[in-house]
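Visitor: The structure's right below; bear with me while I get my questions together.
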Amino acid sequence: MATTDTLVRIALDERSYDILIGSGLLGRAEIYDGLPAGRDALIVSNTTVAPLYAERLADALSGRYARVQTVVLPDGEVHKDWPTLNLVFDRLLASGCDRKTVLYALGGGVVGDLTGFAAACYMRGVPYVQVPTTLLAQVDSSVGGKTAINHPAGKNMVGAFYQPLRVVADIDTLASLPPRELAAGLAEVIKYGPIADAALLDWIETNLDALLARDAAALTHAIKRSCEIKAEVVGADEREAGLRAILNFGHTFGHAIEAGLGYGVWLHGEAIGCGMVMAADLSARLGLIDGAYAARIEAIVRRAGLPVAGPRLGAGRYLELMRIDKKAEAGEIRFVVIEAPGRAAVRAADDGLVAQVIEAHTA
Ligand code: NAD
Ligand code: GLY
């Protein structure tokens with residue numbers, strides 16, 4: 001078994017796996033010990049990340065596989081789609097890759113979600129490993145087995161639950177991340193406080209400057225704690241029968257922003273940050289939390305460098321987009337709300353009240 005200073009385990013019976021978190025992991029061959037070896041590994045990456053890290057990963061894997069290839073996808077949320085997914089299948093088939101081939105997702109959440117879906121589908125399922133290189137992917141998307149591509153009508157609408165064999169989160173990769181992307185990742189870190197761990201929000205408030213300065217100890221703590229919370233939730237509800245939906249705090253509003261503006265105009269984390277401000281305000285208007293707690297969440301989101309006012313699409317358009325959300329039931333929109341600091345629930349809300357929230361938080 002690979003070793004690292006920081007390890008979080010996802011307990012899912014025969015689908016259990018480890019998240020390795022630390023510095024310099026990506027290029028160390030022993031980090032991949034215990035994973036299936038064989039003829040083929042395919043690294044799936046994109047035009048931004050591959051030039052930075054693919055060779056290092058390929059070198060580390062070279063002792064385990066006879067062939068290590070890299071397929072380089074176009075970069076961006078707008079490419080999380082069928083034609084890009086097909087580029088992965090094209091390469092696998094053109095190279096005669098069999099069902100023992102192991103895919104390695106090297107990149108942010110877009111590459112991770114798309115590679116996971118490709119792995120779920122190719123020859124009805126091949127193993128894959130997540131090697132996340134954005135903060136967002138290290139704290140959220142690489143963990144838990146949600147894989148998907150977008151449909152023009154809705155975000156992540158076509159996908160599968162399919163767990164990776166391991167997650168290798170090398171914090172050194174965060175050094176090359178643009179500041180806007182770092183902030184986007186912080187949105188998903190902030191998320192875990194209100195929904196699951198009130199003390200984490202206190203810690204973030206105190207350590208936000210260190211996180212923005214990419215302090216290694218602060219980042220490692222944030223990633224570890226985020227993964228621990230996600231591991232607990234996913235371990236209890238892998239396929240989102242109930243509890244797992246709390247991980248979507250801010251996502252109902254956020255996905256509407258992403259789909260409404262067109263994918264990639266706002267970063268996913270930016271939309272989620274703003275969506276959390278809206279969802280916190282909705283929780284306050286529903287009388288679940290006091291306005292001060294909602295204001296505190298807004299202040300942290302703002303300090304992280306994220307937008308706190310959504311685009312003026314009009315309340316009607318937001319509501320229309322939110323009805324396509326995966327949590328909607330028979331056309332009724334359902335929101336993740338905060339019931340108390342560190343505790344979330346899913347519930348419906350009156351359209352008029354939601355419209356008030358949207359009016360108050362769009363500019
Ligand atoms: P992303 O994958 O688009 O990456 C952001 C940008 O950073 C891209 O341009 C990428 O090429 C670049 N990049 C990546 N690593 C880099 C590095 N180390 N140095 C420099 N540039 C780097 O976006 P993201 O924020 O990582 O992920 C967002 C996606 O994740 C969305 O599609 C969202 O739906 C999905 N998501 C999925 C889950 C899940 O549970 N599966 C959870 C949250 C988000
Ligand atoms: N990011 C939401 C989930 O993994 O369930």
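The values are calculated or read from the model by the stated rules, or taken from the named source; none is laboratory data. Model, not experiment: these values are computed from the prediction. Cβ atoms come from the backbone with ideal geometry, glycine included; neighbour counts cover every protein chain shown. What goes into the accessible areas is simple: the full protein's heavy atoms, side chains included, and nothing from ligands, DNA or RNA. Shrake-Rupley method; radii C 1.70, N 1.55, O 1.52, S 1.80 Å.
Visitor: Pick from ALA60, ALA118: which is open to solvent by less than 10 Å² (accessible area, probe 1.4 Å), part of a helix (DSSP H, G or I) and touching a Gly at 6+ places or on another chain (Cβ under 6 Å)?
Guide: When all the criteria are applied, what remains is ALA60.
Visitor: Does PRO83 satisfy being more than 20 Å from the chain's Cα centre (by Cα), over 30 Å from ILE257 (Cβ atoms) and free of Cβ contacts under 8 Å to residues at least 24 places away in the same chain?
Guide: For PRO83, the condition - more than 20 Å from the chain's Cα centre (by Cα), over 30 Å from ILE257 (Cβ atoms) and free of Cβ contacts under 8 Å to residues at least 24 places away in the same chain - is not met.
Visitor: Picking from VAL139, VAL131, VAL143, which residue would you name as being within 12 Å of ligand 2 (Cβ to nearest atom) and within 12 Å of LEU20 (Cβ to Cβ)? Write out each step before concluding.
Guide: On the way: VAL139 fails: within 12 Å of LEU20 (Cβ to Cβ); VAL131 fails: within 12 Å of ligand 2 (Cβ to nearest atom).
Among VAL139, VAL131, VAL143, only VAL143 is within 12 Å of ligand 2 (Cβ to nearest atom) and within 12 Å of LEU20 (Cβ to Cβ).
Visitor: Looking at the stretch 140-150, can you tell me whether even one residue there is touching an Asp or Glu at 6+ places or on another chain (Cβ under 8 Å), more than 25 Å from VAL8 (Cα to Cα), touching a residue at least 40 places away in the same chain (Cβ under 8 Å) and not acidic (Asp, Glu)?
Guide: There is at least one residue in the stretch 140-150 that is touching an Asp or Glu at 6+ places or on another chain (Cβ under 8 Å), more than 25 Å from VAL8 (Cα to Cα), touching a residue at least 40 places away in the same chain (Cβ under 8 Å) and not acidic (Asp, Glu).
Visitor: Going through the stretch 200-245 one residue at a time, which ones are in a helix (DSSP H, G or I), open to solvent by 60 Å² or more (accessible area, probe 1.4 Å) and of a type in the set (A, V, I, L, M)?
Guide: LEU212, ALA217, ALA236, LEU243
Visitor: Let me ask you something else. Of these, ARG312, ARG303, which one is in contact with a Leu (Cβ under 7 Å, 6 or more places away or on another chain), away from ligand 1 (no atom under 16 Å from the Cβ) and open to solvent by 40 Å² or more (accessible area, probe 1.4 Å)? Outline the logic, then answer.
Guide: Values: ARG312 fails: in contact with a Leu (Cβ under 7 Å, 6 or more places away or on another chain).
Going through ARG312, ARG303 in turn, the sole match is ARG303.
Visitor: Oh, and also: Only one of (1) open to solvent by 40 Å² or more (accessible area, probe 1.4 Å); (2) more than 26 Å from ASN156 (Cα to Cα); (3) not charged (D, E, K, R) is not met by ILE31, so which one is it?
Guide: Going through (1) open to solvent by 40 Å² or more (accessible area, probe 1.4 Å); (2) more than 26 Å from ASN156 (Cα to Cα); (3) not charged (D, E, K, R) one by one, ILE31 breaks only (1).
Visitor: Something else: Pull out all pairs, ordered by first then second residue, where Cβ-Cβ is under 6 Å, the residues are six or more apart or on different chains, the first lies in the stretch 289-304 and is without any contact (Cβ under 8 Å) to a residue 12 or more places away in the chain, and the second is part of a helix (DSSP H, G or I).
Guide: GLY291/ALA284
Visitor: Let me ask another. One residue is enough: does the stretch 86-99 have a residue meeting the conditions in a helix (DSSP H, G or I) and polar (S, T, N, Q)? Don't jump to the end; show me each part of the working.
Guide: Just the residues of the stretch 86-99 that are in a helix (DSSP H, G or I), to begin with: 86-94.
Narrowing further to those that are polar (S, T, N, Q): 86.
Among the residues of the stretch 86-99, at least one is in a helix (DSSP H, G or I) and polar (S, T, N, Q), which makes the answer yes.
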